[in-house]
Structures are given as structure tokens and as C-alpha cells.
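Each remark here refers to the structure printed beneath this line.
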Amino acid sequence: MATNATFYTDSNGREMLKRVLNQRPTYKTQLEEPIAGNYYPVSTRIMLKDDKSHFSIITDRSQGGTSLRDGEMELMLHRRMLHDDAFGVDEALNEQAFGRGLVARGTHYLTGGSSDSQAAERRLVQEHVLAAWTFFTPTTLSLAEWQAAYYMEFSGLKTALPDNVQILTLEPWKGTSFLLRLEHILEKDDDEDATEPVVVNLQEIFQPFTIREVRETTLGANQWLEDVSRLVWKKEDNQVDNHETASKSPLQDVPVVSLTPMAIKTFIVEVSFQV
């Protein structure tokens, strides 16, 4: 692949950041350590692409990654040295367990395709890297007895969410209210259709309860969105220009949410449970 000394790594599992060998986006640099200086954190994905295609490695844990030559990628699965690296700890990085060096075990997923569609990689990250937990419980019941006594499958959704939207948070808040976060998992360049906003009607999603009131908050849910007033700074002299007040108001009778690529929206929803 003709990658022109360029590769991409994810930022905490979200946006893909462009990396150029031996360069920084905001200042000129002269690297004294050309290998270490070109390694970047890889939370879930590292990618190469050219005009025709792209190739990605999806990791199941954070690792270091780089592309030191065009068309090549490498990942540091585990960092272990038998000599001091002269960076202040004055000892070798040689962690051991039961008298042997620690071993890193994990899974990598190799994917590729045309350069104009990367939605499949995003969904693979959601399905495998951020997979749901599995819990086990001891029991003396047989499978038939368990199936007769308990539900074997349950979904809290009436209908499936759009492929590019996921529920990031749904947890009890105060009284009969819940904290809800919805996330658009695609970037605008991941897919041709991903640039269009996705509309979600909250009233049509959940099965166990009915939403009575919705109010949008900041991302951290510590302030109503309509109360936010942010400072706007002039870049030239770093002086306060004015206050920017959010003009959005709480959602009204029809709780319809519009999500643009990579957007995360947070809500406090007041609910009433089905009897």
C-alpha cells in the first residue's frame, strides 16, 4: 500500500487520528529516538489506507502501534526489558509471576476493504472489543427446569436501534428517573451515509417503561444544557470576548433526538413503569 508515511490510530476507541512519520501536526520536531517517537497508543484500532483500500488491526486491549515503513504496521503487545532503560526507575522492566516473565495474551482482528467504507470496523469494535459481560451462577436445576422457571431471553428494546447508534449509558438516577446517553459510533468519513444525522424517537425504544419527561444535560450530566454558558476566547490576544449561552431547550412532548457522526448526547429521563 502506498501510504506516504501516514497511518491512523484511534483516540480512546472513538475518532481515528492521522499520524505522519517523524512529524507533529502543530510544531516542527526532530526526533532523537525515531522508533519510540513514532509509537502511539492504540486503544482499539490502527489503520493504513491509500486511494483504493484500507487495512486495520483491531485490538482487544490498549497497545502501542506504529508504521515505520510504507505499507507496514507493528504493534507492541507487551513491553519487557532485561536492562534498565535509563529513564529514572533504575531497574529493568521485567515483571514476573511465579518466577517467569509476565505473558500478554489477547486477540487481534484483521479487517480491510475499500477506502471509502470503514463502518464494518466500527461495528466489529462494538461487538467484540466492547462485548457484553457474561455471568454464571451455580444451580441444582436441570436445563428444562431452569427454562420452565425463568425467562431465557429478554430485551428491553421495542425495536432495534439504527446500526450506527448505541446506548452508551442507562442507569438509575433519582427516584423514577434514569441517566441516558446515546452515541453515534461512526465518523463522517466512515461511510457515505454516515454524514446524515440519525433521528431516534426515545418513546419508541424502551419496552419496560414509558418516558414521561426528557431533559438534555451536558455530557457529564452535571448541568442542564439550556443553562450552559461557555467562555469564548480570542485566539490573538487570549482575552475574553463574550459568553456563549446554549440556545437549546428541554425536549418537549415528542422526545426525538438527532445525532450527528461521533456525537454523544446525555439526558435525564423521567419514566413510568409498565404494570
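The values are calculated or read from the model by the stated rules, or taken from the named source; none is laboratory data. Bear in mind that the values here come from a model prediction, so they are computed numbers and not experimental data. Here Cβ is always computed from backbone atoms with ideal geometry, including for glycine, and neighbour counts include all displayed protein chains. Only protein heavy atoms, including side chains, enter the accessible area calculation; ligands, DNA and RNA are left aside. Shrake-Rupley method; radii C 1.70, N 1.55, O 1.52, S 1.80 Å.
Residues in the stretch 192-202 carry Karplus couplings, in order, of 4, 8, 6, 6, 7, x, 9, 9, 10, 9, 4 Hz; the curve used is 6.51 cos²θ - 1.76 cosθ + 1.60 with θ = phi - 60°, and Gly or Pro positions show x. Using the Karplus relation 6.51 cos²θ - 1.76 cosθ + 1.60 with θ = phi - 60°, the per-residue 3J(HN,Hα) values for the stretch 132-142 come to 5, 6, 10, 10, 10, 9, x, 7, 9, 7, 6 Hz, with x marking Gly and Pro. Between the amide H of residue 113 and those of 54, distances stay under 5 Å, these residues lying 5 or more places away or on another chain, with hydrogens modeled in the peptide plane. For the stretch 158-237 versus the stretch 4-68, the inter-centroid distance based on Cα atoms is 29 Å. Against the set [x] 1.07; [y] 0.98; [z] 1.04, the structure's computed Rg/Rh (Cα atoms, Kirkwood Rh) falls on [z]. For the chain, modelled as a GNM whose springs connect Cα atoms under 10 angstrom apart, the maximal fluctuation among 90, 50, 70 occurs at 90.
Please identify the GluC sites (Glu not before Pro) of the stretch 63-137 that satisfy two criteria: DSSP loop assignment and at most 15 other Cβ atoms within 10 Å. Which are they?
72, 91, 95
With all protein chains in place and a 1.4 Å probe, the accessible surface of the chain carries 51 percent carbon and sulfur. Running a GNM on the chain with Cα contacts under 10 Å, which residue among 79, 230, 123 ends up with the highest mean-square fluctuation? Most flexible of the set in this elastic network: 230. Scanning the chain for chymotrypsin sites (Phe, Trp or Tyr not before Pro) that sit in a DSSP loop and have at most 11 other Cβ atoms within 10 Å, the longest stretch containing none of them is 155-275.
A cut-off of 5 Å between modelled amide H atoms, ignoring neighbours fewer than 5 places along the same chain, links residue 186 with 262. Take the chain with all the other protein chains still there, run a 1.4 Å probe, and you get 67 Å² of accessible area per residue.
Comparing mean-square fluctuations of 194, 132, 149 from a GNM of the chain with C-alpha springs under 10 Å, the top value falls on 149. Given the options 64, 92, 78, identify the residue whose Cα lies farthest towards the positive end of the charge dipole of the stretch 10-103 (+1 on Cβ of Lys, Arg; -1 on Cβ of Asp, Glu). Of the listed residues, the answer is 64.
In a simple Cβ point-charge model (Lys, Arg +1; Asp, Glu -1; nothing else charged), the chain has a dipole of about 320 debye relative to its Cα centre. Cross-link pairs exceeding 31 Å between alpha carbons, from the set 52/158; 188/235; 18/158; 28/49; 18/234: 52/158; 18/158. One decimal place: the segment residue 123-residue 20 gains 34.5 nm when fully extended, by the rule 0.36 nm per residue minus the C-alpha distance.
Non-local amide H neighbours of residue 13 (under 5 Å, H modeled in plane, Pro and chain starts lacking H): which ones? Result for residue 13 returns 43, 44.
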